[in-house]
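In what follows, a single structure is set out as structure tokens and then discussed.
The values are calculated or read from the model by the stated rules, or taken from the named source; none is laboratory data. Just so it is clear, the model here is predicted, and its values are computed rather than measured. Heads up, the Cβs are rebuilt from the backbone with ideal geometry, glycines too, and the neighbour counts pull from every protein chain shown. SASA here: full protein model, heavy atoms, side chains in, ligands and nucleic acids out. Shrake-Rupley method; radii C 1.70, N 1.55, O 1.52, S 1.80 Å.
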Amino acid sequence: MPWNVGVLGAGPGVAALHLATLGRLGELFNVVHIADAGSGRARGLAEGLGARWSQGDSDLLADPDVDLVAVCSPPAEHGRQVLAAVAAGKRAIFCEKPLATSPEEAEEVVAACRAAGTILLVGTNHLFDAAWGHARHHLVALEGRVQAVSVTLALPPNERYHRLVAEGGPFLPARRGRPDLTDPAVAADVLRQLLTGLAIHDLPALRDLAPDIEEVVYARLVPPIGYVVGYRASGVLVQLALTMLPAGPDALWRMSISTSHDRIEVDFPPAFVHAGSAATRVRTPGGRWTAYSRDPEDGYVAEWRLLAALLEERVPVEYDELLADSHYVTALADGASAKLLEGVHV
């Protein structure tokens with residue numbers, strides 16, 4: 001019998017992604033309740049599924065038919081709503097990234113889930129993509145030493161992030177007109193939001209390769225919306241680069257891993273698209289490329305299948321890993337923001 005899902009949030013990510021993903025997994029999950037924060041969007045989404053709808057989170061959390069809660073609200077609400085779902089006795093929680101907005105909040109959330117035995121999964125779909133599994137297996141099999149990693153994003157327009165830069169958006173303190181990105185404090189705020197909203201997709205995978213952040217070497221914003229951040233972790237050089245243009249190109253989301261033996265490239269499909277797994281290929285020192293076969297299922301589906309396995313107690317909840325991933329994100333965001341505040345641009 002499918003597990004009953006209550007969804008907190010009714011934004012584009014829910015409408016275009018999570019409901020469609022759960023629709024592909026009808027044998028495992030059934031959406032029974034959707035709640036918004038007052039936008040009214042939950043009603044239309046719920047009625048299309050024959051589900052209940054409400055405003056706020058109290059009615060959904062009190063709904064006895066809801067087995068698990070999908071926290072798909074704005075990031076600032078995640079920690080509070082996870083804790084509320086634990087207090088309501090829900091069996092499991094799927095939380096969109098980020099899990100929390102501070103190390104202290106992450107500690108509190110994970111401790112509460114661990115103490116209550118609540119299943120917790122954070123939706124960082126690239127980590128669950130079969131292509132990343134191929135890349136990691138290759139690294140282990142050849143025992144190559146990772147020397148450098150780069151993640152390059154060229155993305156089409158995203159209203160949320162263009163609003164962030166053009167108007168200040170809901171993620172920054174209220175301002176009149178465009179934020180002054182020449183002000184280091186304002187630029188640091190924007191950089192933090194971009195890292196915790198976009199770079200975060202790859203940071204759990206990067207933590208596998210370079211777990212201990214030693215130094216942020218450079219960090220700057222790239223107009224109109226983008227960043228370049230370089231850091232050292234566990235002796236590995238890592239560069240993150242993003243560009244998002246108003247008349248943007250087709251999406252490119254590529255992770256390149258250089259080792260002592262070869263080079264691995266993982267090209268992830270565009271966000272919100274069910275196009276199968278990422279494409280992985282390996283180049284030998286002699287210049288020969290070998291491509292892995294692609295999996296028909298993407299990371300979005302894989303993460304929900306893992307949640308089903310957790311509910312069926314076929315795999316354990318990795319509370320320590322979830323907490324370490326959250327700390328890695330905030331450590332990088334803090335370090336990059338601090339470097340930008342220093343006015344150091346390389």
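Points worth noting:
- Filter result for residue 152 (of a type in the set (S, T, N, Q), touching a residue at least 24 places away in the same chain (Cβ under 8 Å) and buried (at least 20 other Cβ atoms within 10 Å of the Cβ)): no
- Tallying residues that are surrounded by 16 or more Cβ atoms within 10 Å (Cβ to Cβ), hydroxyl-bearing (Ser, Thr, Tyr) and outside any strand (DSSP E or B) within segment 262-318 yields 3.
- Sole residue being buried (at least 18 other Cβ atoms within 10 Å of the Cβ), among the hydroxyl-bearing types (Ser, Thr, Tyr) and closer than 30 Å to residue 12 by Cα, chosen from 243, 259: 243
- Test result for residue 324, open to solvent by 10 Å² or more (accessible area, probe 1.4 Å), closer than 21 Å to residue 271 by Cα, hydrophobic (A, V, I, L, M, F, W, C) and at pLDDT 95 or above: no
- Test: residue in segment 102-117 that is acidic (Asp, Glu), over 21 Å from residue 321 (Cα atoms) and surrounded by fewer than 21 Cβ atoms within 10 Å (Cβ to Cβ): no
- Selection over segment 12-48 of residues that are of a type in the set (D, E, K, R) and touching a residue at least 24 places away in the same chain (Cβ under 8 Å) gives a count of 4.
- Within segment 192-203, residues that are free of Cβ contacts under 8 Å to residues at least 60 places away in the same chain sit with their Cβ atoms under 6 Å from residues that are crowded, with 23+ Cβ neighbours inside 10 Å, at 6+ positions apart or across chains, in these pairs: 194/227.
- Scanning segment 276-304 for residues that are closer than 21 Å to residue 29 by Cβ, touching an Asp or Glu at 6+ places or on another chain (Cβ under 7 Å) and hydrophobic (A, V, I, L, M, F, W, C) yields a total of 1.
- Qualifying residue in segment 227-234 (condition: in contact (Cβ under 8 Å) with a residue 24 or more places away in the chain and open to solvent by 60 Å² or more (accessible area, probe 1.4 Å)): no
- Test: residue in segment 159-175 that is over 30 Å from residue 290 (Cβ atoms), modelled with pLDDT of 85 or more and surrounded by 14 or more Cβ atoms within 10 Å (Cβ to Cβ): no
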